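> I have a structure here, written as structure tokens, and I will follow up with some questions on it.
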Amino acid sequence: MATLLESTPLTAEQTSYSQALRQSGTALLALVNDVLDLSRIEANKMTLSHEWTSPARADGGCGRTARP
């Protein structure tokens, strides 16, 4: 919906709000998915396996999130 809103004529302030709305929605969806994954793990419905990975790959953008 935010993408549809952004395709209409908006002022600079409205565009900023729309982008914040879209980014917040994306972050909320990721959070809900993480909670669902934890629920599956606790219910023994998800199998976990050990895999090697690089720290840079595992970072997942945490540095970008913490920037002001």
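> Please calculate how many Å² of accessible area the chain carries per residue, with a 1.4 Å probe and no DNA, RNA or ligand atoms counted.
Accessible surface, normalised per residue, equals 94 Å².
> Which of Arg40, Arg22, Arg57 ends up with the largest GNM mean-square fluctuation for the chain, with Cα atoms connected below 10 Å?
Greatest mean-square fluctuation among the candidates belongs to Arg57.
> Counting only Cα, what are the radius of gyration and maximum Cα-Cα distance Dmax of region 18-59, in Å?
When restricted to Cα atoms, region 18-59 yields Rg and Dmax of 14.3, 40 Å.
> Right, another one. Suppose every Lys and Arg Cβ carries +1 and every Asp and Glu Cβ carries -1, with no other charges. What dipole size does the chain come out with about its Cα centre, to the nearest 20 debye?
Magnitude of the dipole: close to 60 debye.
The values are calculated or read from the model by the stated rules, or taken from the named source; none is laboratory data. What you see is a predicted model, and the numbers here were worked out from it, not measured in a lab. Note: ideal-geometry Cβ built from the backbone for every residue, glycine included; neighbour counts use all protein chains shown. The accessibility values were calculated without ligands, DNA or RNA, using every heavy atom of the protein model including side chains. Shrake-Rupley method; radii C 1.70, N 1.55, O 1.52, S 1.80 Å.
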